């Protein structure tokens with residue numbers, strides 16, 4: 001059984017000029033794997049992650065034929081039931097820790113709170129869990145960080161703290177929304193290594209949302225390419241360079257290459273038909 005099955009997911013927002021469809025009828029599944037979702041800003045990547053957790057605020061509207069979490073339909077759950085799902089079964093790491101961490105609570109208090117919401121544990125056990133998670137994300141002086149406030153942490157440290165907090169309740173699925181976009185390359189590599197080890201060790205499913213095709217092709221197992229709210233192509237990550245859809249080809253061709261310097265990068269030429277065409281399985285490779 002898949003960890004997650006999404007069928008015909010739509011996210012709509014009413015505007016003065018009519019209804020805007022941010023996500024338009026997408027379907028996909030997630031196993032115990034690293035699934036990348038890539039595309040430009042505004043393609044619907046983050047909206048997809050938030051819609052799975054039913055975090056779209058009114059007047060936004062989320063509809064789907066089904067969103068099955070290990071067989072349980074999220075679309076049929078009450079809000080109290082969803083509060084049990086968020087964090088405990090599905091966690092989400094937001095893009096920038098500066099806007100996700102509470103500035104007036106210590107790091108330790110926030111991790112303990114995230115764990116205590118879903119676990120019937122003593123204060124001592126809760127603190128031990130928080131310390132264990134800080135050490136799991138390769139924070140050396142865990143005791144000092146535990147007592148510190150978010151503003152005392154660097155961006156890379158803040159992102160590790162967010163990962164520790166979101167993984168403390170032992171969720172089955174982690175949604176990571178561009179978790180390394182604000183980090184320098186060396187720290188980015190460390191954070192990805194931490195995510196990879198934790199996902200592998202726990203047998204989790206990871207949805208990795210990014211705009212960086214090179215990063216996703218190196219880190220993920222499969223990739224969904226989104227354009228204008230639709231999935232236009234599905235690829236095995238290591239076969240991304242064999243993509244067939246002209247949008248994916250355009251994104252790849254617009255990337256600078258150190259080994260092939262060019263005086264001018266190619267500009268993506270858009271076709272209105274891309275936003276209406278059904279999704280394509282372009283570079284899945286041999287399924288067997």
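Here is how the numbers come out for the structure above:
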read-out: Residue list for segment 7-28, filter: part of a strand (DSSP E or B) and surrounded by fewer than 16 Cβ atoms within 10 Å (Cβ to Cβ); value: 7, 8, 13, 14, 15, 18, 19, 20, 27
read-out: Residue in segment 36-46 that is under 17 Å from residue 4 (Cα atoms), within 16 Å of the chain's Cα centre (by Cα), in contact (Cβ under 8 Å) with a residue 24 or more places away in the chain and in a strand (DSSP E or B) present; value: yes
read-out: Test for residue 56: is it crowded, with 17+ Cβ neighbours inside 10 Å, touching a helix residue (DSSP H, G or I) at 6+ places or on another chain (Cβ under 9 Å) and either without any contact (Cβ under 8 Å) to a residue 12 or more places away in the chain or part of a loop (DSSP other than H, G, I, E, B) (or both); value: yes
read-out: Selection within segment 152-162 - under 21 Å from residue 127 (Cα atoms) and assigned to a helix (DSSP H, G or I); value: 152, 157, 158, 159, 160, 161, 162
read-out: Criterion (within 25 Å of the chain's Cα centre (by Cα), part of a loop (DSSP other than H, G, I, E, B) and within 22 Å of residue 195 (Cα to Cα)) met by exactly one of 134, 101; value: 101
read-out: Any chance residue 101 is within 26 Å of residue 207 (Cβ to Cβ) and touching a helix residue (DSSP H, G or I) at 6+ places or on another chain (Cβ under 7 Å); value: yes
read-out: Top-ranked residue of segment 107-148 - restricted to ones that are farther than 26 Å from residue 84 by Cβ, in contact (Cβ under 8 Å) with a residue 12 or more places away in the chain and in contact with a helix residue (DSSP H, G or I) (Cβ under 7 Å, 6 or more places away or on another chain), ranked as surrounded by the most Cβ atoms within 10 Å (Cβ to Cβ); value: 145
read-out: Matching residues in segment 39-60 - criterion: being in contact with a strand residue (DSSP E or B) (Cβ under 7 Å, 6 or more places away or on another chain) and farther than 13 Å from residue 26 by Cβ; value: 46, 53, 54, 56, 59, 60
read-out: The lone exception for residue 84 - which of (1) without any contact (Cβ under 8 Å) to a residue 24 or more places away in the chain; (2) loosely packed, with under 14 Cβ neighbours inside 10 Å it fails; value: (1)
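None of the figures in this text is laboratory data; all of them are computed from the coordinates on show. Remember, predicted model here, so these are calculated numbers, not experimental data. For neighbour counting, all protein chains shown are included, and Cβ atoms are generated from backbone atoms with ideal geometry for every residue, glycine included.
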